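Enquirer: Take this structure first; my questions come after.
The values are calculated or read from the model by the stated rules, or taken from the named source; none is laboratory data. None of these values were measured; they are calculated from a predicted model. Ideal geometry is used to build each Cβ from the backbone, glycine not excepted, and the neighbour counts take in all protein chains shown.
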Amino acid sequence: MTGVLKLDIQESAEELKALLSQQSSAVERSKVQILWWLKQEQVRQVNELAQLSGYHRITISRWLSRYRQGGLEALLACKPKPGRPRAIDGEVREQLAQELEDPEGFASYREVQQWLAAMHDQVVPYKTVHKTVRYGLKGKLKRPRPVFEKQEVGTVEAFEETLEH
């Protein structure tokens with residue numbers, strides 16, 4: 001009969017059912033679901049699998065050939081995500097987070113740049129430093145608020161005394 005799948009699934013239906021609930025992403029869950037349907041003999045053709053799962057028949061065929069070649073491990077193997085590695089990563093990032101927690105901290109992002117260059121020999125653009133510190137590490141710089149230059153000495157202390165009483 002044409003279109004009928006010839007696939008020997010090594011895992012039992014119970015193992016597949018248990019594995020189904022352990023999957024973290026929807027695609028992985030769908031892959032295991034397809035194997036489970038085949039093991040239960042609910043479906044016999046790739047077109048039926050495509051209708052039930054919502055994936056294209058070619059995608060399902062590719063998944064099944066991957067299963068034939070390497071088993072369940074090959075089917076569920078995750079490819080590494082593409083992209084450039086972070087400029088400030090790993091141990092340097094952890095040390096920077098600790099430095100940001102320090103009450104003295106950094107007064108500016110330029111200071112952070114200088115610290116990275118001096119301590120870790122990393123030349124990092126200002127924009128990257130700002131993005132990493134502000135949004136990645138949720139850090140705030142420890143810059144004191146500006147004081148009015150014509151303000152008389154002792155004004156702040158006098159004000160604080162009035163608040164205490």
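Enquirer: What is the number of the single condition among (1) buried (at least 16 other Cβ atoms within 10 Å of the Cβ); (2) closer than 30 Å to LYS142 by Cα that GLU28 does not meet?
Expert: Every condition holds for GLU28 apart from (2).
Enquirer: Something else about it: Would you please name the residue that is surrounded by the fewest Cβ atoms within 10 Å (Cβ to Cβ), looking only at residues in the stretch 11-25 that are small (Gly, Ala, Ser) and assigned to a helix (DSSP H, G or I)?
Expert: For the stretch 11-25, the residue satisfying everything is SER21.
Enquirer: Just one of TYR55, TYR109 is within 30 Å of VAL133 (Cβ to Cβ) and touching a helix residue (DSSP H, G or I) at 6+ places or on another chain (Cβ under 7 Å); which is it?
Expert: So the residue among TYR55, TYR109 that is within 30 Å of VAL133 (Cβ to Cβ) and touching a helix residue (DSSP H, G or I) at 6+ places or on another chain (Cβ under 7 Å) is TYR109.
Enquirer: Does TYR55 meet the test of being touching a residue at least 24 places away in the same chain (Cβ under 8 Å), assigned to a loop (DSSP other than H, G, I, E, B) and in the same structural domain as ALA26 (by TED's automatic domain parsing)?
Expert: yes
Enquirer: Here is a further query. Here is a check on your reading of the model: is ILE88 closer than 30 Å to LEU141 by Cβ and either out of contact with any Pro (no Cβ under 8 Å at 6 or more places or on another chain) or at pLDDT below 90 (or both)?
Expert: So ILE88 fits the description; yes.
Enquirer: May I ask you to list the residues in the stretch 37-56 that are charged (D, E, K, R) and exposed (fewer than 15 other Cβ atoms within 10 Å of the Cβ)?
Expert: Residues satisfying the conditions are GLU41, ARG44.
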